[in-house]
Each structure stands twice: as C-alpha cells, then as structure tokens.
Amino acid sequence: MIGDYWPLFGLRVVTPRLELRYATQEDFAALVELADKGIHEPDYMPFSWAWTQVPQPEKGRTALRYYWSKWAQWSASDWHMMLAVVHEGRVIGVQDCAGRGFPKRWEIASGSWLGRAHQGQGFGTEMRAGMLELAFAGLDARWAISTSLVDNVPSLRVSRRLGYVDDGFDVLVGDKDAPRVAQRLRLTRDAWREHRTIEAEIHGLDACRDMFAEAPPKTKS
Ligand SMILES: CC(C)(COP(=O)(O)OP(=O)(O)OC[C@H]1O[C@@H](n2cnc3c(N)ncnc32)[C@H](O)[C@@H]1OP(=O)(O)O)[C@@H](O)C(=O)NCCC(=O)NCCS
C-alpha cells in the first residue's frame, strides 16, 4: 500500500465543518475542476502568478504539475503540503502549508483558495485555523507567515482575525503586469494561542512524523 511508504496520505485535520486532508490524486483532479469554475473576479488577480488565466487544457496541466512537484520534492527539511479542503464530502478548496528549512527555522508559510461558490461563509478562516493547529500544536512551529496583496481584503482579514500582525511589504513582479505590493504578516506561537477559538483535531500525524524530522546525525563507528 502506498501509505506504508508515504504515510502523509493518512494525515488530516477535522474542524467543526471541514476536513483538511493531505491531497490525493483524486483531490488534485477535483481542485482542477473547481478552479475551472472560477476562484476570483476576472478583473482581480489575487495570486502572484496568474495561473488561473492560462487557457485550458494547459491551466489544468500547470496546476497538476505544481501539485505533483510538491509530492516529488518533499524532504524533511523542505516540505510543502497541499491540504484538500472538504465540506460535506466535496472538495471546496485548498489550504497549503510549507516549511522551508523547517527543522531549523520552525516557521511555516501558507496559501489558500476556495471555489467562488464557497467564499464568504467563514470557511477561509476555519481552514486556516485547522492548518495552524497542525503547524503549532502538531509540528511545534514557532511562527506562521502569510503574504497577501494589500487590496485582498478577505485574505488579510482571515490573517488578522487569527492573530497575525503586519510584518513589512513585498513587491510582486509578474511576467506582464506592473509590480504589485503585498502585505507580509506574521503569527507568533503566543498570538496563535490567544486567538485560538476554532476547534481542530489532528489525525494520522504520528505515522508520518518522521517525514517532518531530519535524520539523526551519523555517529562514527
Ligand atoms: C481568501 C479566501 C481563502 C478567504 O476565505 P473566505 O471563506 O472567503 O473568508 P471568510 O468567509 O472566512 O471571511 C474572512 C473575512 O473576510 C471578510 N470578507 C469575506 N469576503 C469579503 C469580501 N468580498 N469583501 C470584504 N470582506 C470580505 C469576512 O467578513 C471576514 O472578515 P471578519 O473576520 O472580519 O468577519 C477566499 O476568499 C478566496 O479563496 N479568495 C480567492 C483566492 C485568494 O485570494 N487566495 C488568497 C491569496 S493570498
């Protein structure tokens, strides 16, 4: 069974209305279909790279290549998990969580999107809270960071409500568009505790914990 070698497939977080699960091949297909129905207004691009504007079938292939790359490139010191967000049995979006140099930096970065029909109902806040439970309670992270365009109000409000504070600016430079300014935000472990109001249960972490830990240093024989 693939789970014997890649136990991340058993990892999930359950919140009052949602399940966040380490995304499978079928979840990737569902995300591609969902993205095709629309994630944002045509005249507003919330992402740093405008992948949603690529014509099909290349848009779907681009998304799949990106998701598959996160499987193939996984290492304990540099990982990026795509968590499919499931509501009433249907995939409604994705919440990701990345730990670059995690066993030394103890910092995670995240990104997310929901299909348009599922936005504005508190799911964005709930899924971020579930991911934060995994990062802080499950993996002992010390900081979580997020970056949103300065005019992406829903994304910024999700972050601020959960206790993130402003942490400077980034300038995003796309292929064709003019540079855009993005707000960086940071959440400390203490602030996460103070703002933790959404219940979340983690399942399946013990089986894959070694995939988040560096191999012990070799001893001389
Ligand atoms: C960003 C996103 C994940 C947030 O999820 P969501 O479920 O829509 O957000 P919520 O319903 O949890 O609402 C979060 C906050 O934003 C506010 N909000 C939601 N939609 C809004 C809108 N269109 N305009 C203004 N405020 C809005 C809510 O009132 C809430 O504020 P509060 O906590 O102060 O009450 C979702 O909107 C989305 O997928 N957007 C498109 C992709 C995107 O921007 N991804 C992030 C890239 S950095």
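Observations, loosely collected:
- Whole-number percent relative contact order across region 162-209, with pairs defined as alpha carbons under 8 Å at least 6 apart: 38
- Mean residue ellipticity, 222 nm, helices only, the chain: the sum of -39500 (n - 2.57) across DSSP H runs of n ≥ 4, divided by residue count and rounded to 500, is -8000 deg cm²/dmol.
- Average Cα contact separation per residue, the chain, under 8 Å, 6 or more apart, as relative contact order %: 25
- Ellipsoid semi-axes in whole angstrom, largest first, where each is sqrt(5λ) of the Cα gyration tensor of region 131-221: 31, 20, 12
- Accessible area per residue in Å² at 1.4 Å probe, computed on region 1-152: 47
- Normalised convex hull volume, the chain, alpha-carbon set, Å³ per residue: 148
- When the Cα atoms of region 1-100 are aligned to their principal axes, the ranges along those axes come out at 43, 31, 24 Å in descending order.
- Taking region 149-169 and a reference point 7 angstrom along Cα→Cβ of residue 188, the backbone N atoms nearer than 14 Å belong to 163-167.
- Surface share of carbon and sulfur [accessible, 1.4 angstrom probe, percent] for the chain: 53
- Modelled label positions at residue 167 and residue 70, each set 7 Å beyond Cα in the direction of Cβ, lie 1.9 nm from each other.
- Here the extension length gained between residue 29 and residue 62 equals 10.7 nm, from 0.36 nm per residue of separation less the Cα-Cα distance.
- Cα shape, region 105-170, gyration tensor, a/c 1.5 rule: oblate
The values are calculated or read from the model by the stated rules, or taken from the named source; none is laboratory data. Just so we're clear, the structure is a prediction, and the values are computed from it rather than from any experiment. Cβ atoms come from the backbone with ideal geometry, glycine included; neighbour counts cover every protein chain shown. The area values use the complete protein model at the heavy-atom level, side chains included, leaving out ligands, DNA and RNA. Shrake-Rupley method; radii C 1.70, N 1.55, O 1.52, S 1.80 Å.
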